[in-house]
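Novice: Let me give you the structure first, and then I'll get to my questions.
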Amino acid sequence: MRAEWDERARENARYYVATGKQEWTDEEFFASGEVEVANHVLTDMTNICQGKDPQRMAVLEIGCGAGRVTRALAKVFGQVYAVDISGEMVRQAREAVREFDNVRIEQNNGRDLSVLGKIKVDFAFSTIVFQHIPSRAVIESYVRDVHRLLRRGRLFKFQVQGASGIHREDDDTWLGVPFSDVEAVEMAWRRGFEPRYRHGAETQEFWLWYFRRWRPAMQARYFLRRLSQYLRMRWETWRRSS
């Protein structure tokens with residue numbers, strides 16, 4: 001995968017990231033990343049932020065390519081971590097975000113997120129990436145590592161290949177291994193996530209909303225704390241108006 005994506009990046013990175021055009025200007029390419037974030041992040045901020053200020057959030061992008069979406073995320077969130085398997089893609093992505101001091105981009109090993117160490121993030125995101133991964137085991141390895149880095153209750157929103165009728169070779173790094181709706185749900189529960197929403201099953205853009213599950217005791221404490229805060233707020237409101 002690394003060799004093939006390095007070759008694609010050297011040939012025409014922007015086309016292989018976003019195949020809508022063969023030739024992209026800087027303005028067009030990065031504007032398309034803004035559209036991606038507008039469509040799939042900004043429309044979903046209730047699930048993503050859960051009441052937290054985006055500028056106080058750390059987010060993770062898996063498969064950043066040439067930095068198209070990374071730039072757009074950096075304008076919304078306080079800290080952006082991004083990884084890609086291709087060293088050439090990483091080089092171009094770092095150049096794309098050179099004016100942003102809240103972005104860290106690393107080349108990962110194509111199997112997990114160990115390159116990021118023990119960071120913690122509030123949101124994980126991946127678009128048009130897992131559709132290219134030929135191994136279900138590798139995809140599940142990524143999901144397992146996102147669970148390690150993601151704070152409890154937080155969202156991992158990503159796509160997998162859902163089109164089961166496509167013809168692909170076992171080692172094809174362009175048309176990735178497909179997931180059925182049942183397989184996507186089973187993977188979520190197996191890796192400690194709640195598969196709360198899904199959209200686009202049986203298509204090449206099968207979106208999954210995986211929320212990292214709480215331990216029952218921690219979840220109870222969390223809701224008791226929120227209830228206490230709410231009751232205290234109502235008491236203060238009543239006291240001031242009396």
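The values are calculated or read from the model by the stated rules, or taken from the named source; none is laboratory data. Bear in mind the structure is a predicted one, so any value in this text is a computation, not a measurement. Cβ placement follows ideal geometry from the backbone for every residue including glycine, while neighbour counts extend to all protein chains displayed.
Novice: Quick one: would you say THR25 is of a type in the set (Ser, Thr, Tyr) and within 26 Å of HIS199 (Cα to Cα)? First the steps, then the outcome.
Specialist: Numbers: of a type in the set (Ser, Thr, Tyr): yes; within 26 Å of HIS199 (Cα to Cα): no.
So THR25 fails the test.
Novice: Checking ARG152 against (1) farther than 24 Å from GLU202 by Cβ; (2) of a type outside the set (A, V, I, L, M); (3) in contact (Cβ under 8 Å) with a residue 60 or more places away in the chain; (4) assigned to a loop (DSSP other than H, G, I, E, B), which test does it fail?
Specialist: (4)
Novice: Out of all the residues in region 83-98, is one or more closer than 25 Å to GLU140 by Cα, part of a strand (DSSP E or B) and either under 15 Å from the mean Cα position of the chain (by Cα) or of a type outside the set (Val, Ile, Thr) (or both)?
Specialist: yes
Novice: Collect the residues in region 204-230 that are farther than 11 Å from ARG152 by Cα and at pLDDT 80 or above, keeping them in residue-number order.
Specialist: First, pick out the residues of region 204-230 that are farther than 11 Å from ARG152 by Cα: 204-210, 216-217, 220-221, 223-230.
GLN204, GLU205, PHE206, TRP207, LEU208, TRP209, TYR210 - these are the residues of region 204-230 that are farther than 11 Å from ARG152 by Cα and at pLDDT 80 or above.
Novice: Also, I was wondering about something else. Report whether or not LYS52 is of a type in the set (D, E, K, R), modelled with pLDDT under 95 and either part of a loop (DSSP other than H, G, I, E, B) or more than 15 Å from SER126 (Cα to Cα) (or both). Walk me through how you get there before you give the answer.
Specialist: Working: of a type in the set (D, E, K, R): yes; modelled with pLDDT under 95: no; either part of a loop (DSSP other than H, G, I, E, B) or more than 15 Å from SER126 (Cα to Cα) (or both): yes.
For LYS52, the condition - of a type in the set (D, E, K, R), modelled with pLDDT under 95 and either part of a loop (DSSP other than H, G, I, E, B) or more than 15 Å from SER126 (Cα to Cα) (or both) - is not met.
Novice: When the residues of region 90-135 are narrowed to those that are small (Gly, Ala, Ser) and crowded, with 17+ Cβ neighbours inside 10 Å, which ends up farthest from ASN39 (Cα to Cα)? Walk me through how you get there before you give the answer.
Specialist: In the first step, residues of region 90-135 are kept if they are small (Gly, Ala, Ser); the result is 93, 96, 110, 114, 117, 124, 126, 135.
If we keep only those that are crowded, with 17+ Cβ neighbours inside 10 Å as well, we get 93, 96, 110, 124, 126.
Details: ALA93: 21, ALA96: 21, GLY110: 27, ALA124: 16, SER126: 13 Å.
The extreme case among them is GLY110.
Novice: Sticking with this one: Suppose we filter VAL185, VAL138, VAL146 for residues that are surrounded by 18 or more Cβ atoms within 10 Å (Cβ to Cβ) and of a type in the set (A, V, I, L, M, F, W, C); which single one remains?
Specialist: Details: VAL185 fails: surrounded by 18 or more Cβ atoms within 10 Å (Cβ to Cβ); VAL138 fails: surrounded by 18 or more Cβ atoms within 10 Å (Cβ to Cβ).
Residue meeting the stated conditions: VAL146.
Novice: Further, regarding this structure: Of the numbered conditions (1) over 30 Å from ALA9 (Cα atoms); (2) modelled with pLDDT of 95 or more; (3) of a type in the set (Ser, Thr, Tyr), TYR142 fails exactly one; give the number of that condition.
Specialist: Of (1) over 30 Å from ALA9 (Cα atoms); (2) modelled with pLDDT of 95 or more; (3) of a type in the set (Ser, Thr, Tyr), only one is false for TYR142: (1).
Novice: Collect the residues in region 17-49 that are assigned to a loop (DSSP other than H, G, I, E, B) and either surrounded by 15 or more Cβ atoms within 10 Å (Cβ to Cβ) or within 14 Å of the chain's Cα centre (by Cα) (or both), keeping them in residue-number order.
Specialist: We begin by selecting, within region 17-49, every residue assigned to a loop (DSSP other than H, G, I, E, B); these are 18-25, 41.
Hits for region 17-49 are ALA18, TRP24, VAL41.
Novice: Taking the conditions exactly as written (in contact with a Lys or Arg (Cβ under 9 Å, 6 or more places away or on another chain) and surrounded by fewer than 16 Cβ atoms within 10 Å (Cβ to Cβ)), does TRP209 satisfy them or not? Before you say what the answer is, go through the steps one by one.
Specialist: Numbers: in contact with a Lys or Arg (Cβ under 9 Å, 6 or more places away or on another chain): yes; surrounded by fewer than 16 Cβ atoms within 10 Å (Cβ to Cβ): no.
So TRP209 fails the test.
Novice: Would you point out which residue out of ALA66, ALA74, ALA82 is over 24 Å from VAL160 (Cβ atoms), surrounded by 15 or more Cβ atoms within 10 Å (Cβ to Cβ) and touching a residue at least 12 places away in the same chain (Cβ under 8 Å)? Write out each step before concluding.
Specialist: On the way: ALA66 fails: over 24 Å from VAL160 (Cβ atoms); ALA82 fails: over 24 Å from VAL160 (Cβ atoms).
From the options ALA66, ALA74, ALA82, the qualifying one is ALA74.
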